[in-house]
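See below for the structure under consideration.
The values are calculated or read from the model by the stated rules, or taken from the named source; none is laboratory data. Fair warning: this is a prediction, and the values are worked out from it, not measured in the lab. As a convention, Cβ positions derive from the backbone with ideal geometry for all residues, glycine included, and neighbour counts pool all protein chains shown. Heavy atoms of the whole protein, side chains included, go into the accessibility calculation; ligands, DNA and RNA do not. Shrake-Rupley method; radii C 1.70, N 1.55, O 1.52, S 1.80 Å.
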There are 2 protein chains.
Amino acid sequence: MAEEAAVRAQAEAVRRLKQDKTDPDEIAKEVAKLLEMKAQLGGDEGKHKFVLKTPKGTRDYSPKQMAIRERVFNAIITCFKRHGAEVIDTPVFELKETLTGKYGEDSKLIYDLKDQGGELLSLRYDLTVPFARYLAMNKITNIKRYHIAKVYRRDNPAMTRGRYREFYQCDFDIAGQFDPMIPDAECLKIVHEILSDLQLGDFLVKVNDRRILDGMFAVCGVPDSKFRTICSSVDKLDKMPWEEVKNEMVGEKGLSPEAADRIGEYVQLHGGLELIERLLQDPKLSQNKLAKEGLGDMKLLFEYLTLFGITGKISFDLSLARGLDYYTGVIFEAVLLQQENDHVEEPVSVGSVAGGGRYDGLVGMFDPKGRKVPCVGVSIGIERIFSILEQRVEASEEKIRTTETQVLVASAQKKLLEERLKLIAELWDAGIKAEILYKKNPKLLNQLQYCEDTGIPLVAIVGEQELKDGVVKLRVVATREEVNVRRESLVEEIRMRTSR
Amino acid sequence: MAEEAAVRAQAEAVRRLKQDKTDPDEIAKEVAKLLEMKAQLGGDEGKHKFVLKTPKGTRDYSPKQMAIRERVFNAIITCFKRHGAEVIDTPVFELKETLTGKYGEDSKLIYDLKDQGGELLSLRYDLTVPFARYLAMNKITNIKRYHIAKVYRRDNPAMTRGRYREFYQCDFDIAGQFDPMIPDAECLKIVHEILSDLQLGDFLVKVNDRRILDGMFAVCGVPDSKFRTICSSVDKLDKMPWEEVKNEMVGEKGLSPEAADRIGEYVQLHGGLELIERLLQDPKLSQNKLAKEGLGDMKLLFEYLTLFGITGKISFDLSLARGLDYYTGVIFEAVLLQQENDHVEEPVSVGSVAGGGRYDGLVGMFDPKGRKVPCVGVSIGIERIFSILEQRVEASEEKIRTTETQVLVASAQKKLLEERLKLIAELWDAGIKAEILYKKNPKLLNQLQYCEDTGIPLVAIVGEQELKDGVVKLRVVATREEVNVRRESLVEEIRMRTSR
């Protein structure tokens, strides 16, 4: 209990320290006292009490998982670059007020930082709001950029389904005043390219437009003030049956049952160009300005998607709503239709793997004069994709290398550490990826085993005889073939044998 | 003021909501009310009041800055991979207790998250403690890994000198029980390779050992309990003259003036193998077990560094202390000796650009049974390096491309948007990096200007005549040369002309 008393004394000292921080000498003395106290407490007691884990909803990535992650990132970045995107980065936290009022009902999921004096900060919830803040702050009216970074949501994690509290978003956005639907069509092309490239199995991209939704709400008799909250209810249709959604609209949100039923009829509809044509003739919708605009643009979008040759996997779907407040036009979401990896016993159940839309008002919310910069963008849900690929790798027993080492510098006899160090430095300096075992006298068998385990294809063996002859024995791990290579040709020989 | 009242009402509603969160229906109703209230308030009023900035000590990276950053990352990652490192990733925050008691006096700089229910969390302060937690949690006793990620310190930012509150660390560490000084020497080789590779100008790597420091403190008459705090004072010698450091030791930390003077004599010493030999004969130091061990290993280290051919830039320096608590053996720090870019009017003043050392006890602090995993590692201070390179690019007026686009799909006449879309989809599907302007009828001059501005080397021009002839006109932006290429050969032609 001496320990407890000391801890209390320490806490008290810290409190004093906080109260009186005018005199730096005073502070330094207090700190010194605290450190002494800590030293007296003994560093060893009570230090194994804590829980050894990562925070709820987060995880580490092992080297093997990183190798899979890098593959997915590469596919995505290659696509973004193919479409001419630049890349930016923003801080992981923003001023709290920057995020305020952008996420509707989801705002409660934002992580705040503790007030330790100074500014009030929150972890970013997505990459879109920081992007809009960046554009307004730098008065940029025209940019095509991607941004790959972690975002944070205090949501209920479902880690086996790839839902985390810390997760990567891979965003591509086009900002600027352009002719309608050309950038929007490119975003859908990008989703199509990435999902095809990653070979995740069959997928479908649902498309809708906030203006069509709002027009639909209006003609169904939803009061203006309830548009966003009713939109949130519609957004739940992919997880809940219509009856439950209707109950929420009527019971919780106070919508009339008749209005809800009228919505219920529309949200069943999905199709392609012919559905758009039909709705353009719909006696009620065609009278609503917003819906008409939205449907007109939807038609144009489908024409462009036809030119891109991707309409086969795109569905205009009136039940698609998307949760976020900031969308103003086209919205879309990609879902996987089934798992290709049927041989896995418990297939990963995944929902949406990409989503996005047009948000023409968001930048204006940050501009002192409210100047608008129209934007449209797509976000790839990497964690869910990653879950699928990880399971697939597990199932296939594919061996994934986690290093790129070309050659292990080894020796068959003792007392050759110095020679190994000299040789490996030569290789490193020539740009060869090389390793040694950190032992003075490792056994040759252990060195060869290390190559087997880690997939290193070549071994460069130095021995007394080789040193005398000015050669190095190069062994091919897979075939056990061994050749003597003159030392001055070794780099070239390794390059030749490891380039494919 | 109606607005203010509404805001107050809203705040009140939120408070009620928090108090009574037993009934989900009740919550949903409250949320709906709040949203209605917000809608009535009008989205447009009062929204431009906030400050448009990133949090103190943080910054955005523009596409141009990202291009420079990627170059530096590439050089570093290439080096880490050359040395056979795997890569891992950990969450940006850890349980608060994971970070507690690891950073000595610097603990006050840790960012805590707000207690929003659930676990108490802190942003990571470095990548070393999360690495140790990862090893202990996964019972890994043997790994060579790198980790490149942002860390967070509530320090006084000095952004022009590259000191931020959010900044990248690029860490390479070797964990495992090995023969002495081999991994330690490799870490120094890595620092040497990276700093040479980046061509930042002349540099020096100072090396010392915590055991030598502790032995020195003991023979100088510093009480055991003051070792760490006196070590912190010594650490300030690169920023403060000896007299001030001595004042801190004596005045603030209660060391005797005689002990301080004895320390003062030792910390002036720096050199190479001959200094190590001399100190091994030092009548006081040679009697101290710790110092002797440290000096013996330092000698071995310098022998290995000689084999690596890098002793020219390495200095054994008794004034090097390093701030962090967790080091137990070799420590080192690389500093730039002078700026190469003398033509810049205000050269960036940078301090240490890399540092690291051995921390054999850290993993054991996390292991339930206190099992130790010896570790040694290096951290590259990317932000300072980046500051220098950014200034150098500015000064040299080097034009940095921020995209990799190979070709712009353009048209000379109106009404060819559909043809441009068809052609660009063909190019994208063949893996060509291509852009179009998002206009129905862009002027040819604007399209060519876009290429000039962004460095796109080729333009593929479609026109009525070309369409009839089944060709595309390919224009080389730099030379204005134009050739007609058959449509089916276009992809090959673009590849050929843009591969170098």
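For segment A:202-218, the condition holds for no residue, the condition being that it is among the aliphatic types (A, V, I, L, M) and within 13 Å of chain B (Cβ to nearest Cβ). Looking across segment A:100-153, the residues that are assigned to a helix (DSSP H, G or I) and closer than 21 Å to A:Asp367 by Cα come down to A:Gly104, A:Thr128, A:Val129, A:Pro130, A:Phe131, A:Ala132, A:Arg133, A:Tyr134, A:Leu135, A:Ala136, A:Met137.
Residue count for segment A:180-198 under the criterion of being free of Cβ contacts under 8 Å to residues at least 60 places away in the same chain and surrounded by 21 or more Cβ atoms within 10 Å (Cβ to Cβ): the result is 0.
Does segment A:427-452 hold any residues that are assigned to a helix (DSSP H, G or I), open to solvent by 10 Å² or more (accessible area, probe 1.4 Å) and more than 9 Å from chain B (Cβ to nearest Cβ), and which are they? A:Leu444, A:Leu445, A:Asn446, A:Leu448, A:Gln449, A:Tyr450, A:Glu452, listed by residue number.
Taking the criterion of being over 23 Å from A:Tyr146 (Cα atoms) and at the interface with chain A (Cβ under 10 Å from one of its Cβ atoms), the residues of segment B:394-422 that qualify are B:Leu417, B:Glu418, B:Glu419, B:Arg420, B:Lys422. The residue that is least open to solvent (accessible area, probe 1.4 Å), counting only those in segment B:372-381 that are within 13 Å of chain A (Cβ to nearest Cβ) and out of contact with any helix residue (DSSP H, G or I) (no Cβ under 6 Å at 6 or more places or on another chain), is B:Cys375. Among the residues of segment A:234-251, those identified as free of Cβ contacts under 8 Å to residues at least 40 places away in the same chain and buried (at least 19 other Cβ atoms within 10 Å of the Cβ) are A:Val245, A:Glu248, A:Met249.
May I ask you to verify whether B:Ala132 is farther than 27 Å from B:Gly312 by Cβ and more than 9 Å from every other protein chain (Cβ to nearest Cβ)? Yes: the conditions hold for B:Ala132. Considering segment B:158-179, and only residues there that are out of contact with any helix residue (DSSP H, G or I) (no Cβ under 9 Å at 6 or more places or on another chain) and open to solvent by 40 Å² or more (accessible area, probe 1.4 Å), the residue that is farthest from the other protein chains (Cβ to nearest Cβ) turns out to be B:Gln177. When B:Ala321 is tested against (1) assigned to a loop (DSSP other than H, G, I, E, B); (2) over 23 Å from B:Leu269 (Cα atoms); (3) at pLDDT 90 or above; (4) not β-branched (Val, Ile, Thr), only condition (2) is not met. Between B:Asp112, B:Asp106, B:Asp155, the distinction of being open to solvent by 10 Å² or more (accessible area, probe 1.4 Å) and within 7 Å of chain A (Cβ to nearest Cβ) belongs to B:Asp112 only.
So that you can scan it fast, the table gives a plain yes or no per residue for (1) of a type in the set (A, V, I, L, M, F, W, C); (2) assigned by the TED database to the domain that holds B:Gly104; (3) touching a strand residue (DSSP E or B) at 6+ places or on another chain (Cβ under 9 Å):
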{"position": "B:Met240", "(1), (2), (3)": "yes, yes, no"}
{"position": "B:Glu248", "(1), (2), (3)": "no, yes, no"}
{"position": "B:Asp261", "(1), (2), (3)": "no, yes, no"}
{"position": "B:Gly272", "(1), (2), (3)": "no, yes, yes"}
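Filtering segment A:67-86 to residues that are at the interface with chain B (Cβ under 7 Å from one of its Cβ atoms) and either part of a helix (DSSP H, G or I) or within 15 Å of the chain's Cα centre (by Cα) (or both) leaves A:Lys81, A:Arg82.
Starting from segment B:207-226, keep only residues that are closer than 15 Å to B:Phe316 by Cα and in the same structural domain as B:Asn288 (by the TED database), then list their pairs with residues that are open to solvent by 40 Å² or more (accessible area, probe 1.4 Å) and in a helix (DSSP H, G or I) whose Cβ atoms are within a distance under 8 Å, requiring at least 6 positions of separation or different chains. Within 8 Å, the pairs are B:Arg211/B:Leu290; B:Arg211/B:Glu293; B:Ile212/B:Leu290.
Do we find that A:Ala478 is open to solvent by 10 Å² or more (accessible area, probe 1.4 Å) and touching a residue at least 60 places away in the same chain (Cβ under 8 Å) in this structure? No: the conditions fail for A:Ala478.
Here B:Tyr125 fits the description: under 19 Å from B:Gly356 (Cα atoms), away from chain A (no Cβ under 12 Å), within 16 Å of the chain's Cα centre (by Cα) and open to solvent by less than 10 Å² (accessible area, probe 1.4 Å). None of A:Lys49, A:Lys64 is part of a helix (DSSP H, G or I) and modelled with pLDDT of 55 or more except A:Lys64. Scanning segment B:190-216 for residues that are of a type in the set (A, V, I, L, M, F, W, C) and either part of a helix (DSSP H, G or I) or more than 18 Å from the chain's Cα centre (by Cα) (or both) returns B:Ile190, B:Val191, B:Ile194, B:Leu195, B:Phe203, B:Leu204, B:Val205, B:Val207, B:Ile212, B:Leu213, B:Met216. Does any residue of segment B:391-405 turn out to be open to solvent by less than 10 Å² (accessible area, probe 1.4 Å) and touching a helix residue (DSSP H, G or I) at 6+ places or on another chain (Cβ under 8 Å)? Yes, there is a match, as at least one residue in segment B:391-405 is open to solvent by less than 10 Å² (accessible area, probe 1.4 Å) and touching a helix residue (DSSP H, G or I) at 6+ places or on another chain (Cβ under 8 Å). Of all residues in segment B:345-360, those satisfying the criterion of being outside any strand (DSSP E or B) and either at pLDDT 50 or above or open to solvent by less than 20 Å² (accessible area, probe 1.4 Å) (or both) are B:Val348, B:Val350, B:Gly351, B:Tyr359, B:Asp360.
You will find that of A:Gly254, A:Gly296, the residue that is within 14 Å of chain B (Cβ to nearest Cβ) and more than 16 Å from A:Arg322 (Cβ to Cβ) is A:Gly254 and no other.
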